[in-house]
Amino acid sequence: MGSRRKWIQLAVLAALIIVLPFFFPSSYYYRVGALIFVNALAVVGMVILIGYAGQISLGHAGFAGIGAYACALAPEYLGLHPGLALILGAVTSGVLALLIGRPILRLKGYYLGVATLGFGILVSMVLTNERALTGGPDGMSVADPGLRGMLRDLGWRLSVGELWYGVSAIALLIGAWVALNLFDSPTGRAMRALHGSEVAASTVGVDVARQKLRAFVISALYASVSGSLLALQNGFITPDVAGFMHSIEMVTMAVLGGVGSVLGGTLGAAILTTLPQVLTIFAEYEQLVLGAVMILVMIFLPQGLLPSIARRFRGRDE
Amino acid sequence: MKFTSSTAVIALMAAAMPFAAQAEIRLGASVSATGPAAFLGDPEAKTIEMMVEEINASGGINGEQIALTLYDDGGDPNKARTFATRLVEDDEVVAIIGGSTTGTTMSILDVAQEEGIPFISLAGAISIIDPVREYVFKTPHTDRMACEKIFADMQARDISRIGLISGTDGFGASMQAECKEVAGDSGIEIVADETYGPQDADMTPQLTRIRNTGDVQAVLNAGFGQGPAIVTRNYAQLGFEIPLYQSHGVASNAFIDLVGAEAAEGVRLPGTALLIADQLSEDDPQYQVTTDYTALYRAKYSDEPSTFAGYAHDAVLLMADAIARAGSTDPDDIRDALEATSGFVGTTGTYTFSPEDHLGLDLSAFRMLEINDGDWTQLD
């Protein structure tokens, strides 16, 4: 993938983000859009971890939870600005990922899955049980970062939906840009090499443990920022954000859209975020449809939606 | 482009107009009909649908039919916020009912406040209406009121030293905190404070610890679901001689079935009139409303309505009453009418809202009940 393809992918993403609002009949669509971008940001992190480096995690919602609660707790107890709290959350997640990544990433396959699962559940248990600090299962409110007021002073009046559509879109574009750059960098190549074969990668001089840890920490940062953005735009947060289902959702979105592709992951996030909204009329069958879609994609398009479709269009080139 | 698409929507709506015989009142609802809070949301959803059908069948409000849009947020606050936004922006509702849990309510509440849409919540926490928010009302009692009711009953029986055992789920944790806060004012001393996980299968160790604390005169269990049932059974097995109080969270016939009449004998809890609808005397102010509702629910779903379903029933009727009195479908007019509600008799109690009180219930709404021979007896 040359740098031209990188810019084409980014341009497609940016164009979609800018053009879509012209078709929005109401500002509710900005809300759905913002949710897609926030989810997609976490999924791009999963693309780096699963798609590039070939490692699995079933506990990344734990990092999203740390990011989210950093934005709720730091302004209240430390008097920090919510924007800085986002950075604090990311740093905490990064350091934690570094610490637990070292022992955990020695494991492979199912064992790695179960270990990360344990981490995610631990975070959500702490958030649920430390009631005095986090408000427990009832959740806690998140201070308004004051972005809207700031823009209003600059003469730019935005609705809540429009503001967070914009902020989440910018975050996603930056995230996608970093991930696409990483793909062709020496680090990205090393990660992909160990995805192909750990033994082969280490024979050609790739520090396997180090590269795995890198992918793990980077994807944790993505999840953490995604959690922070979710907390800031919702203005309220419960331990659900760190829950097991959220972890599974992240992996599912990545796998559905195409786990090796940044745009694919974004597509997966878009589909799984909008599906429940589209299926409200058949709310009882929502899980059924979701399951059926997943099974069909796995059988007929095993590389995920986007890469499989792209391959079909390109035909012989690949 | 944006302009043309919204014009197209208006044109479509105008085209659809001739088919709608009358103007309609758009009512929105988002409840947790599935997911971990389905025990709350499922009967609530059923009740909201049923009550709206009832109102429409009897001619609607001021001659206008209610068009209900009901979403299932699955107990996820994030989804609840999205659905609330959708209700307001896309479905253009004039009022919202819902928020089965405190988490989902807090998410919906923000949108309702922002957009100026009256919202009646179905969740328990006191933080929903304290501080008072202009557009936010709620029908269930707060957990604090349940604690106060129980403590009042204890005081009347000269009980002052109690053991508290609570679930760590949302309901139990919230009630534990509230009870500890009001215990002092009620002259109650909590001498033992134990907790259990919502999935635990045996609470004997916690109960034994409470028993080994000297001079405990009663035990209070704050919790919901299977936890309190296990506590009650363990309590009977351990042969406690002091009374056991449960919370309004288990005020349902299913609780007695789950525990068994023998172990449940003598358990006291605060419940609503709905639970003893069949026992109320005809001159009881809540006789009519609880009997009517219970009969309707039984006929439609062949099931007993739960206390939580009662919250939804009251919310729909309160909203309908406010819209009727407002004589308009302007959200601000409905809000003003809602706040002026006075002496409205529901299944949960008699509501009187004011600018300072958006719950409008007092302790008299709770009835202290005792389980005797597998059935409820009213104590006060």
* Asked: For B:LYS79, which aspartates and glutamates qualify as cross-link partners when the Cα separation must be under 12 Å and same-chain residues fewer than eight apart are set aside?
  -> A:ASP240
* Whole-number percent relative contact order across chain B, with pairs defined as alpha carbons under 8 Å at least 6 apart -> 16 percent
* To do: Taking chain B as the reference, fit the longest principal axis to its C-alpha atoms, fit the long axis of helix B:170-183 to the helix C-alpha atoms, and give the angle between the two in degrees, 0 to 90, nearest 10.
  => 60 degrees
* Asked: Picking from B:PRO243, B:ALA254, B:THR290, whose Cα lies most toward the positive end of the charge dipole for the range B:207-296 (charges on Cβ: Lys, Arg +1; Asp, Glu -1)?
  -> B:PRO243
* Asked: Each residue of the range A:224-241 in turn: what ³J(HN,Hα) in whole Hz from Karplus with 6.51, -1.76, 1.60 and θ = phi - 60°, glycine and Pro shown as x?
  -> 5, 5, 4, x, 4, 4, 4, 4, 5, 7, 7, x, 7, 9, 10, x, 3, 4
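For peptide B:73-85, how many partner chain Cβ atoms fall within 10 Å of a residue's Cβ, on average? Numbers along the way, then the final one.
Working: counts 2, 6, 2, 7, 8, 12, 4, 2, 6, 9, 5, 2, 9.
So the per-residue partner count for this stretch is 6.
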* Structure fact -> Net charge near B:ALA95 (other residues with Cβ under 9 Å of its Cβ; Lys, Arg +1; Asp, Glu -1) is +2
* Asked: Which residue fluctuates the most in chain B, going by a Gaussian network model with Cα springs under 10 Å, if the choices are B:ALA95, B:ALA236, B:ALA309?
  -> B:ALA236
* Structure fact -> Out of B:ILE188, A:PHE236, A:LEU213 - ranked by how far each Cα lies towards the positive end of the dipole of the protein assembly as shown, with unit charges on the beta-carbon of charged residues - the top one is A:LEU213
* Structure fact -> Rg/Rh of chain B (Cα atoms, Kirkwood Rh), to two decimals, equals 1.01
* Any idea which of A:ALA15, A:ALA115, A:GLY227 is furthest toward the positive side of the dipole for chain A, if Lys and Arg beta-carbons carry +1 and Asp and Glu beta-carbons -1? -> A:ALA15
* To do: About the Cα centre of the protein assembly as shown, how large is the charge dipole given +1 on each Lys and Arg Cβ and -1 on each Asp and Glu Cβ? Please answer in debye to the nearest 20.
  => 4820 debye
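Could you run the numbers on buried accessible area between A and B, total for both chains, 1.4 angstrom probe, in Å² to the nearest 100? All intermediate terms of the calculation are to be shown ahead of the outcome.
Values: alone 15870 and 15830 Å², together 29260 Å².
The buried area between A and B, both sides summed, comes to about 2400 Å².
Classify the range B:314-359 as rounded, prolate or oblate from the Cα gyration tensor: take a ≥ b ≥ c as the square roots of its eigenvalues, call it rounded if a/c is under 1.5, otherwise prolate when a/b beats b/c and oblate if not. Walk me through the numbers on the way to the answer.
Working: a/c = 2.33, a/b = 1.40, b/c = 1.67.
Oblate, since a/c reaches 1.5 and b/c is not below a/b.
With n ≥ 4 as the cut-off for DSSP H runs, can you work out [θ] at 222 nm for chain A, using -39500 (n - 2.57) per run divided by the number of residues, rounded to the nearest 500? Walk me through the numbers on the way to the answer.
Values: 15 runs with 229 residues, N = 318.
Helix contribution divided over all residues of chain A: -23500 deg cm²/dmol.
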* Computed magnitude of the charge dipole of the range A:94-231 (debye, nearest 20; Cβ of K, R +1, Cβ of D, E -1) -> 380 debye
* If you line up the long axis of helix B:287-301 against the longest principal axis of chain B, both from Cα atoms, how many degrees apart are they, to the nearest 10? -> 80 degrees
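Of the listed peptides A:306-312, B:291-297, B:79-85, A:42-48, what is their order by residue-averaged count of other C-beta atoms within 10 Å, with the highest listed first?
Values: A:306-312: 15.6, B:291-297: 18.3, B:79-85: 27.6, A:42-48: 30.9.
Taking the mean over residues of other Cβ atoms within 10 Å, the ranking is A:42-48, B:79-85, B:291-297, A:306-312.
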* Asked: Three principal axis extents, largest first, for the C-alpha atoms of the protein assembly as shown, in Å?
  -> 84, 71, 50
* To do: Enumerate the aspartates and glutamates that B:LYS138 could reach by cross-link, defined here as Cα to Cα under 12 Å, with residues fewer than 8 away along the same chain left out.
  => B:ASP130, B:ASP314, B:GLU339, B:ASP357
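In debye, nearest 20, what is the charge dipole magnitude of the range A:245-318 about its Cα centre with +1 on Lys and Arg Cβ and -1 on Asp and Glu Cβ, if you could check? Before the final figure, lay out the partial values.
Values: 4 positive and 5 negative charges, 74 e Å.
Using Cβ point charges on Lys, Arg, Asp and Glu, the range A:245-318 gives about 360 debye.
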* Hey, what angle do you get for helix B:38-57 against the long axis of chain B, alpha-carbon based, 0 to 90 degrees rounded to 10? -> 40 degrees
* Asked: In terms of Cα to Cα distance under 21 Å, which lysines are near enough to B:LYS180, apart from those fewer than 8 places away along the same chain?
  -> B:LYS149
* Asked: What residue among B:ASP153, B:ASP321, B:ASP330 has the largest mean-square fluctuation in a Gaussian network model of chain B, using Cα springs under 10 Å?
  -> B:ASP330
* Where the centroid of each part is defined by its Cα atoms, how far is the range B:100-164 from the range A:116-158 in Å? -> 22 Å
* What are the residues of the range B:148-187 that lose 10 Å² or more of accessible area, with a 1.4 Å probe, going from their chain alone to all protein chains? -> B:THR168, B:GLY170, B:ALA173, B:SER174, B:ALA177
* With every protein chain left in place, what is the accessible area per residue of the protein assembly as shown in square angstrom, probe 1.4 Å? -> 42 Å²
* Structure fact -> Comparing A:GLY304, A:GLY139, A:GLY109 in a Gaussian network model of chain A (Cα, 10 Å), the one with the largest mean-square fluctuation is A:GLY109
* Residue-count net charge about B:VAL191 - beta-carbon cut-off 15 Å; Lys, Arg +1, Asp, Glu -1 -> 0
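The values are calculated or read from the model by the stated rules, or taken from the named source; none is laboratory data. Keep in mind that this is a model prediction, so the values were computed, not measured. FYI the Cβ positions are ideal-geometry reconstructions off the backbone, even for glycines, and counts take in every protein chain you see. Calculation scope for accessible area: heavy atoms of the full protein, side chains included, ligands and nucleic acids excluded. Shrake-Rupley method; radii C 1.70, N 1.55, O 1.52, S 1.80 Å.
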